[in-house]
Amino acid sequence: EEGFGEKFMRKTRENPLVPLGCLCTVSVLAYGLICFKKGNTRRSQLMMRARVLAQGFTFAALLGGMVATAIKSRQ
């Protein structure tokens, strides 16, 4: 039986863009919250818009990976 760590590594090798997108999303969110706390509202708003873009990229990578897996399993 496959453990959590083994499954995570296998899925990461199959579609490396999803973890990368998640990392980018979390990084932009953290930086945006830091800017918000410091009172830099302009930069904070910019980072929240960048977070939405990063989430969109992650979602697209997830869907792309699912489609590629479905096509591969049909063959």
**Study point:** Residue match in the stretch 17-30 (condition: open to solvent by 80 Å² or more (accessible area, probe 1.4 Å), out of contact with any Leu (no Cβ under 8 Å at 6 or more places or on another chain) and either in contact (Cβ under 8 Å) with a residue 60 or more places away in the chain or not hydrophobic (A, V, I, L, M, F, W, C) (or both))
**Key:** no
Point to revise | Residues that are open to solvent by 70 Å² or more (accessible area, probe 1.4 Å) and in a helix (DSSP H, G or I), drawn from the stretch 1-16 | key: Phe4, Glu6, Lys7, Phe8, Met9, Arg10, Lys11, Arg13, Glu14
Review point. Restricting the stretch 51-69 to residues that are of a type in the set (A, V, I, L, M) and either touching an Asp or Glu at 6+ places or on another chain (Cβ under 8 Å) or open to solvent by less than 50 Å² (accessible area, probe 1.4 Å) (or both), which is nearest to Cys35 (Cα to Cα)?
Key: Ala54
Study note, to complete from the structure: When the stretch 37-75 is checked residue by residue, the ones that are over 15 Å from Pro16 (Cβ atoms), over 11 Å from the mean Cα position of the chain (by Cα) and of a type in the set (Gly, Ala, Ser) are Gly39, Ser44, Ala50, Ala70, Ser73
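The values are calculated or read from the model by the stated rules, or taken from the named source; none is laboratory data. Just so it is clear, the structure is predicted and the values come from calculations on it, not from any experiment. Cβ atoms come from the backbone with ideal geometry, glycine included; neighbour counts cover every protein chain shown. Only protein heavy atoms, including side chains, enter the accessible area calculation; ligands, DNA and RNA are left aside. Shrake-Rupley method; radii C 1.70, N 1.55, O 1.52, S 1.80 Å.
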